[in-house]
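Questions regarding the structure given below will be posed in turn.
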Amino acid sequence: MIRIAFYDTKEYDRQSFGQYGALHDIQFRFLETRLNEDTVELAKGCDAVCVFVNDTVNAMVIDRLYAFGIRLIALRCAGYNNVDVKAAFGKIHVVRVPAYSPYAIAEHAIALLLTSVRRIHKAYNRTRDFNFSLNGLTGFDFHGKTVGVIGTGKIGRIFIDICRGFGMNVIAYDRFPAKDAGIDYVTLEQLFEQSDIISLHCPLTDETRHMIRADSIEKMKKGVVIVNTSRGGLIDAEALLDGIKARKIGAACLDVYEEEADIFFEDRSGHIPDDDLLTRLISMPNVIVTSHQAFLTNEALDNIARTTVENILSFYEKDGLCDNELCYHCGHIEECRKERKERCF
């Protein structure tokens, strides 16, 4: 039996992972706490750990896991910015779920965008009080607008298809353009200058951190709408707030936030918020914040559980190869130019 320490457990995790674990003789030790330097000891006696977006997998945690005899970190998400990949090399293998439901995330981005632009959230609150006034609810047509998409992986391309269905003009930026995709690629500066709407669909790396900041906002059109369903660190939240207050940014739709780790995924309705920046953002009438829920569909949860279990089983097979293992030298698996025929270590 393979024993897995499963950190940051939610009820929907127990349901989806429990059924696949039972099928494949995998025992999940479900832990509500997140993985960090203080909780790593809870993984003793396990063969692997399963972690999510806000678990801390730094060099110290990796060294402790390695000392316990753990040789596999199974991410149940696509992003891996919370993992010190270079520290893992030579010690612990790291696998992930590259695409659990790109439709779920792309559709949530559109849902946020439609809600914001057509003031649906405001209309909902009004009509519950039997206020049927249309004052202040004027939006704009998607048709004919230019949307700039940063990142054209599976999620980005699905988002592009949806936007084209609305009759929008699509431009995109990606370090690694998708060949023969029929996408109009431009420079990042051109995207900032030409877009009425900007949607982020790229991973968080040292290069992309705070790609939306004061100087990039300055290049954007007045009234631009910014959508982020990827990683909070892609946006400098202080600069975003300044842009909103200066009436440069027309609206912001955020499913992620840079300092979300100690806030999101929990009910904090009875607490006084400590994060003044998030409080100010939420107070803005043209800002919509959801709590990192873009992935949360039945289909996505099933895909996450199934793929994670398949990754774990692949690691314990004879050759130990897993298609979803990260590259420890060039990072993102799609960027690896080597033909993987054996384990990296």
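Within the stretch 77-87, is there a residue that is touching a helix residue (DSSP H, G or I) at 6+ places or on another chain (Cβ under 7 Å) and open to solvent by less than 30 Å² (accessible area, probe 1.4 Å)?
yes
Quick one: in the stretch 53-72, which of the residues that are modelled with pLDDT of 95 or more and in a loop (DSSP other than H, G, I, E, B) is most open to solvent (accessible area, probe 1.4 Å)?
My answer is R71.
In addition: Tell me, which residue of the stretch 16-49 that is over 18 Å from I312 (Cα atoms) and among the polar types (S, T, N, Q) is surrounded by the fewest Cβ atoms within 10 Å (Cβ to Cβ)?
So the residue we want is T33.
How many residues are hydrophobic (A, V, I, L, M, F, W, C) and either in contact with a Leu (Cβ under 8 Å, 6 or more places away or on another chain) or open to solvent by 50 Å² or more (accessible area, probe 1.4 Å) (or both) if we restrict to the stretch 156-168?
Total satisfying the criteria: 1.
If I filter the stretch 118-126 for residues that are within 17 Å of R157 (Cα to Cα), of a type outside the set (D, E), part of a loop (DSSP other than H, G, I, E, B) and open to solvent by 10 Å² or more (accessible area, probe 1.4 Å), do I get at least one hit?
no
Can I ask one more? Return the only residue of R268, R280 being open to solvent by 60 Å² or more (accessible area, probe 1.4 Å), basic (K, R) and modelled with pLDDT under 95.
Result of the check over R268, R280: R268.
Being touching a residue at least 40 places away in the same chain (Cβ under 8 Å), open to solvent by less than 30 Å² (accessible area, probe 1.4 Å) and in contact with an Asp or Glu (Cβ under 9 Å, 6 or more places away or on another chain) is true for just one of I197, I183, I171, I150. Which residue is that?
Selected residue: I150, the only one of I197, I183, I171, I150 that is touching a residue at least 40 places away in the same chain (Cβ under 8 Å), open to solvent by less than 30 Å² (accessible area, probe 1.4 Å) and in contact with an Asp or Glu (Cβ under 9 Å, 6 or more places away or on another chain).
Something else now. Out of all the residues in the stretch 112-123, is one or more free of Cβ contacts under 8 Å to residues at least 12 places away in the same chain, farther than 22 Å from F295 by Cβ and not hydroxyl-bearing (S, T, Y)?
No, the stretch 112-123 contains no residue that is free of Cβ contacts under 8 Å to residues at least 12 places away in the same chain, farther than 22 Å from F295 by Cβ and not hydroxyl-bearing (S, T, Y).
Of all residues in the stretch 137-147, how many are exposed (fewer than 12 other Cβ atoms within 10 Å of the Cβ) and either of a type in the set (D, E, K, R) or in contact with a Cys (Cβ under 8 Å, 6 or more places away or on another chain) (or both)?
1
Further question on the same structure: Is the stretch 202-213 home to any residue that is of a type in the set (S, T, N, Q), touching a strand residue (DSSP E or B) at 6+ places or on another chain (Cβ under 9 Å), open to solvent by less than 10 Å² (accessible area, probe 1.4 Å) and in contact (Cβ under 8 Å) with a residue 40 or more places away in the chain?
No, every residue in the stretch 202-213 fails to be of a type in the set (S, T, N, Q), touching a strand residue (DSSP E or B) at 6+ places or on another chain (Cβ under 9 Å), open to solvent by less than 10 Å² (accessible area, probe 1.4 Å) and in contact (Cβ under 8 Å) with a residue 40 or more places away in the chain.
Quick check on the stretch 2-11. Is at least one of its residues basic (K, R) and not in a loop (DSSP other than H, G, I, E, B)?
yes
Residues that are assigned to a loop (DSSP other than H, G, I, E, B) and at pLDDT 95 or above: does the stretch 99-115 have at least one?
No, because not a single residue in the stretch 99-115 is assigned to a loop (DSSP other than H, G, I, E, B) and at pLDDT 95 or above.
The values are calculated or read from the model by the stated rules, or taken from the named source; none is laboratory data. All figures in this text were calculated on a predicted structure; none of them were measured in a lab. Cβ: placed from backbone, ideal geometry, glycine included. Neighbour counts: every protein chain shown. Accessible surface is based on the protein model in full, side chains and every heavy atom, while ligands, DNA and RNA are left aside. Shrake-Rupley method; radii C 1.70, N 1.55, O 1.52, S 1.80 Å.
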